[in-house]
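The structure under discussion appears below in the form of structure tokens.
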Amino acid sequence: MHEIILIEEFTVDRAGNLNIVAILENMGVCTHQQTHLDPPEFAPARCKTTICPESLPVGINFVGKTTDQLEEMVNRYCLLVNQEWEVLIEDNSDADCDLNDSGARMFF
């Protein structure tokens, strides 16, 4: 099980699956100032996972529950144990800052 730092959101999709977005410890690879000789360094990363309603006891589902109720269900039934997480790649491009710019907008 990965160490969860912060759960950002719970959402239930049309199929009744519970989607969780969270910040997890040691999921993102740090690439700054690292050579191929250095051991990999890891950092917290924003990740998502999906829990199917089949993992709940019969007669219980995620539909129509509040965030607090969903959190309580996840904790009660240990739904995050051995759960696979996918790292969300965020677009860090900034429209005001183009790193490939030739320097035409430099001011002194």
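The values are calculated or read from the model by the stated rules, or taken from the named source; none is laboratory data. Quick caveat: nothing in here was measured; it's all calculated off a predicted structure. Positions of Cβ are generated from backbone atoms using ideal geometry, with glycine treated the same way; all protein chains shown enter the neighbour counts.
It is to be established whether one or more residues within the stretch 15-28 are loosely packed, with under 11 Cβ neighbours inside 10 Å, modelled with pLDDT under 85 and outside any strand (DSSP E or B). I'd like the intermediate steps shown before the answer.
Here is the first cut: in the stretch 15-28, the residues loosely packed, with under 11 Cβ neighbours inside 10 Å are 15.
Subsequent filtering for residues that are modelled with pLDDT under 85 retains none.
No, there is no match, as no residue in the stretch 15-28 is loosely packed, with under 11 Cβ neighbours inside 10 Å, modelled with pLDDT under 85 and outside any strand (DSSP E or B).
Listed here are the residues, each with its yes/no results for (1) among the basic types (Lys, Arg); (2) in a helix (DSSP H, G or I).
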| residue | (1), (2) |
| --- | --- |
| Ala43 | no, no |
| Arg46 | yes, no |
| Thr49 | no, no |
| Pro57 | no, no |
| Asp68 | no, yes |
